[in-house]
Every structure is written in structure tokens, then in C-alpha cells.
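Novice: Got a structure here, written out as C-alpha cells. Questions coming.
The values are calculated or read from the model by the stated rules, or taken from the named source; none is laboratory data. It should be emphasised that the depicted structure is a prediction, and the values quoted were computed from it without experimental measurement. Cβ coordinates were reconstructed from backbone atoms using ideal geometry, including for glycine residues, and neighbour counts include every protein chain displayed. Just the protein is used for accessible areas: all its heavy atoms, side chains included, with ligands, DNA and RNA removed. Shrake-Rupley method; radii C 1.70, N 1.55, O 1.52, S 1.80 Å.
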Amino acid sequence: MIDQIPPVVPPGRLRELAHPVYDLPGGLLLRPWEASDAPALVAACLDPDVQHWTYPGLLSTAEAEARIAGWRTRRQDEEAAMWAIAPADGGLPVGLIGVRELDLPGGSGEFLYWLLPAGRGSGVMTPAVDRISRWAFEELGLHRLRIIHSVANTASCRTAEKAGFPLEGTMRGALLHADGWHDEHLHARLRTD
Ligand SMILES: CC(C)(COP(=O)(O)OP(=O)(O)OC[C@H]1O[C@@H](n2cnc3c(N)ncnc32)[C@H](O)[C@@H]1OP(=O)(O)O)[C@@H](O)C(=O)NCCC(=O)NCCS
């Protein structure tokens with residue numbers, strides 16, 4: 001029976017799409033990560049908030065370059081799509097946003113995002129989440145996107161709410177952070193919202 005349900009997004013769809021560049025407020029844009037952006041990724045790993053909430057590990061410059069190359073491979077393999085949030089006039093990224101855990105047949109994915117301290121406080125992540133959500137629904141064809149964050153991460157909770165991801169519930173003891181198990185909020189937005 002289940003194989004009578006067609007995939008929400010046919011295989012190959014993400015691979016066929018160009019990696020778009022989008023303008024953001026504040027002279028920033030969303031663009032693909034480049035190998036030369038590795039120092040920004042190294043800096044993110046050293047930021048206590050990024051490390052606490054998204055645990056990217058500690059990366060050398062060579063390891064950061066390899067991770068950026070890995071994101072390109074994961075896009076080709078239709079597992080994830082990552083963007084840098086970077087100054088439009090050039091320079092290193094101040095943040096990352098992407099959709100991972102891509103399930104194209106099931107039509108869903110999960111956001112990952114962070115800003116370096118220099119990028120925080122301007123509210124730019126809200127339009128970034130909205131822009132990538134519209135890409136994921138309108139260009140890629142997903143049905144549902146989710147944001148999962150620790151209940152203690154108020155900034156992420158507000159970002160999700162303001163980007164059109166209402167809170168659906170609390171998942172108890174759902175993710176292990178450096179200081180132990182955290183209850184996690186589940187937020188989601190549907191293509192039909
Ligand atoms: C989550 C993150 C992207 C939000 O971006 P930001 O620029 O810091 O947040 P904004 O300035 O847009 O503020 C968003 C809201 O959170 C609130 N907020 C921001 N930092 C806060 C903090 N440390 N504690 C409580 N509230 C905070 C703001 O007051 C604002 O609330 P409002 O809409 O009611 O006015 C950023 O803080 C970050 O990268 N944090 C570290 C990594 C991370 O947590 N990633 C998400 C993992 S799920």
C-alpha cells in the first residue's frame with residue numbers, strides 16, 4: 001500500500017536546482033559557502049553559544065574547509081542545503097542557515113542556523129528563515145519544515161515564532177547538550193500555512 005503514495009519531492013529535484021543567492025536586510029545576503037569562508041566556521045566553533053546549542057565540534061581551518069566541501073556533497077546527495085549569511089559587499093560570513101535531515105519522499109526537513117556575535121541583535125535570522133522556507137516550499141517542493149531548539153534557547157524560540165513556525169509541543173529529554181539532557185521545543189511551518 002505504502003508504495004502507492006508518490007514521493008512528495010521526486011529524487012533528483014534538489015540536484016537539478018541552482019543554488020540561489022538571496023538578498024537580506026542590513027546589506028547581507030544568502031549565498032553558498034566557499035572554501036575561503038573556513039575562518040568564519042572556525043570562529044563559530046569557538047563561540048560558546050553556537051557550540052552550546054548546535055555543537056559543531058572544534059574545527060581546524062583544514063577541517064572547516066572539509067566540512068564546507070562536505071556540505072556541497074550532501075547537497076548533491078540531496079541530504080542538506082546550506083547557505084552562508086554574508087556581507088553583500090564581500091567578506092566572511094556572519095552566520096549559517098540550512099535545511100538538513102532532508103526527507104524528499106516524505107517532504108520534510110529541519111532547520112539549522114546560527115549567527116556569530118557580530119551578526120546578532122539585528123533580527124536578520126527571521127527573514128533568513130522565511131526566505132529559505134519559501135525556497136524549500138516553492139522551489140524544492142517540501143511540505144513541512146521544522147525547527148527544534150532547547151526550551152532554554154529563548155532567542156531561537158522567538159526567531160522560530162516570528163518566522164512563521166508556531167510551537168507544536170515540547171519533547172522531553174530530547175537532546176543531549178554539554179550540560180545534560182534538554183527538553184526541546186518543536187516548531188513547524190507547512191507549505192499550506
Ligand atoms: C538564535 C539566533 C540565530 C537568534 O539571532 P539573534 O540575532 O541573536 O536574535 P534577535 O536579535 O533576532 O532576537 C530574537 C528575539 O530573541 C530575543 N533574544 C535574543 N537574544 C536573547 C537572549 N540571549 N536571551 C533571551 N532572549 C533573547 C530578542 O529579544 C528577540 O525577542 P523579541 O522578538 O521578543 O524582541 C542567535 O542568537 C544565535 O546564533 N545563537 C547561537 C546559536 C543558536 O542558538 N542557534 C539555534 C539553535 S536551535
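Novice: How do the helices (runs of 4 or more DSSP H) wholly within the range 34-108 filter down when requiring 1 or more residues that are buried (at least 18 other Cβ atoms within 10 Å of the Cβ) and within 16 Å of the ligand (Cβ to nearest atom): which remain?
Specialist: Passing ranges, in order: 38-46, 48-54.
Novice: Conditions first: (1) of a type in the set (Phe, Trp, Tyr); (2) open to solvent by 40 Å² or more (accessible area, probe 1.4 Å); (3) within 13 Å of the ligand (Cβ to nearest atom). PHE111 passes all but one, so which condition is the exception?
Specialist: Answer for PHE111: the failing condition is (2).
Novice: Take the range 164-189 and flag every residue that is open to solvent by 50 Å² or more (accessible area, probe 1.4 Å) and in contact with a His (Cβ under 7 Å, 6 or more places away or on another chain).
Specialist: Answer for the range 164-189, where residues must be open to solvent by 50 Å² or more (accessible area, probe 1.4 Å) and in contact with a His (Cβ under 7 Å, 6 or more places away or on another chain): PRO166, LEU167, GLU168, THR170, LEU175, ALA178.
Novice: What's the total number of residues in the range 135-163 that are surrounded by 13 or more Cβ atoms within 10 Å (Cβ to Cβ), of a type outside the set (A, V, I, L, M) and free of Cβ contacts under 8 Å to residues at least 60 places away in the same chain?
Specialist: The number of residues fulfilling the criteria is 8.
Novice: Tell me, please, whether a residue that is near the ligand (Cβ under 9 Å from one of its atoms), over 17 Å from GLN51 (Cα atoms) and part of a loop (DSSP other than H, G, I, E, B) can be found in the range 124-132.
Specialist: yes
Novice: Take the residues in the range 158-175 that are in a strand (DSSP E or B) and either on the phi < 0 side of the Ramachandran plot or polar (S, T, N, Q) (or both); name whichever of them is farthest from the ligand (Cβ to nearest atom).
Specialist: In this case the residue turns out to be ARG172.
Novice: Just to be sure, is GLU16 open to solvent by 30 Å² or more (accessible area, probe 1.4 Å) and away from the ligand (no atom under 15 Å from the Cβ)?
Specialist: Yes; evaluated as a whole, the condition is true for this residue.
Novice: Among the residues of the range 91-103, write down those that are touching a residue at least 12 places away in the same chain (Cβ under 8 Å) and over 16 Å from the mean Cα position of the chain (by Cα).
Specialist: Correct list: LEU92 only.
Novice: Let me confirm something: among VAL129, VAL151, VAL124, which residue is touching an Asp or Glu at 6+ places or on another chain (Cβ under 9 Å) and not polar (S, T, N, Q)?
Specialist: VAL151
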